[in-house]
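Everything below concerns the one structure shown next.
Bear in mind that the values in this text are calculations on the coordinates, not laboratory data. Note that this is a predicted model, so its numbers are computed, not measured. Backbone-built Cβ (ideal geometry, glycine too); neighbour counts: all protein chains shown.
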Amino acid sequence: MMKIAVSGKGGVGKTSITGILAQTLVQKGFKVLAIDADPNPNLALTLGIPITQARKIVPISQNMDLIEEKTGARPNDFRGLYRLSFTVNDIYDKFSIRSPSGVNLLVMGTVGSAGSGCMCPANALIRALLRHLLTKKDHAVVVDMEAGTEHLGRGTSEFIDVMIVVTEPSVKALETTKKIFDLSTQLGIPQVLIVGNKVTSFSDEAIIKQYCKRNDLSLLELIPYDENIKKADALGKPLMNFSQKSKGILAIQKMCAELLNIANS
Ligand SMILES: Nc1ncnc2c1ncn2[C@@H]1O[C@H](COP(=O)(O)OP(=O)(O)OP(=O)(O)O)[C@@H](O)[C@H]1O
Ligand SMILES: [Mg+2]
């Protein structure tokens, strides 16, 4: 059982890496639940869910009827009163979508203030869902997080074993990376690991390696800039099918193997 979250500055490659990681875990025999926790969700396309189907998905955090059914209150009309005990297991069965790649996708919408003071019914539902994530041995959960740091609250650490922080070779992206690393560590997340993405040269490599070394950040993997990842995304195609042997995909598969080694050690 592994619960992995993928975070980082906007546009660094979180969704691409989450998607390929989730599909690699399926290929390795895991039952994988991918959670899209971005307020602008788009992991569905990366996983090969057709655009017409993806457009119809209502994120859990915006599903007013479901929130009312469970908590007894509608998000904008709850006067501070709602139920805190309700079952959430059925939500996975009813609302997760099986992608062609075999990954089950649950579009959560933002898990934003899940750990911060907001006690609205939508948050109560999402907190309950995350707390009850399946805990069987051959299951893995991969969460595509919202960009930046604002959403990282106490709630995050309750459900995550490994935080992957994706960065590009730029000081701006690396500074955000350090902030997320520090926050995640303070929150008590057991493993916080850096992944350098879109690496085009030895000098890019050196920028990331030196920054990590100087700031005591654990670097898990470097992923090369890969024209095929860019192209698949531009065409709205599922990344994995596009080119299994593509250098970016191979590097993410290697990263996945390292993660499994860490989980087993
Ligand atoms: N290794 C790579 N090589 C080339 N292009 C990449 C690579 N990784 C990601 N990209 C491209 O970078 C862009 C942003 O990627 P992606 O959507 O995965 O980032 P993100 O961090 O999820 O962004 P957001 O913060 O908007 O959610 C996309 O066009 C994607 O194709
Ligand atoms: Mg994204």
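Given R₀ = 41 Å, what would the calculated FRET efficiency be for Leu235 paired with Phe86, taking r from the Cβ atoms and rounding to 0.05? Display every interim value, and only then the final one.
Details: r = 41 Å, r/R0 = 1.01.
Between Leu235 and Phe86 the formula returns 0.50.
For the modelled label position 7 Å from the Cα of Thr52 along Cα-to-Cβ, which residues of region 217-257 have backbone nitrogen atoms closer than 19 Å?
Those under the cut-off are 236-238.
Can you quote the Å³ per residue value for the convex hull of the Cα atoms in the chain, rounded to an integer?
Measuring per residue, one finds 121 Å³ for the Cα hull of the chain.
Residues in region 186-217, backbone N under 19 Å from the label point at Leu250 (7 Å along the Cα-to-beta-carbon vector): list them, ranges by number please.
The answer is 196-202, 205, whose backbone nitrogens lie closer than 19 Å to the label point.
Once you have the Cα-Cα distance between Arg74 and Ser201, take 0.36 nm times their residue separation minus that, and quote the gain in nm to one decimal.
40.5 nm
When only alpha-carbon atoms count, how far does region 8-49 stretch along each of its three principal axes, as whole angstroms with the largest first?
Projected onto the principal axes, the Cα atoms of region 8-49 cover 31, 18, 15 Å.
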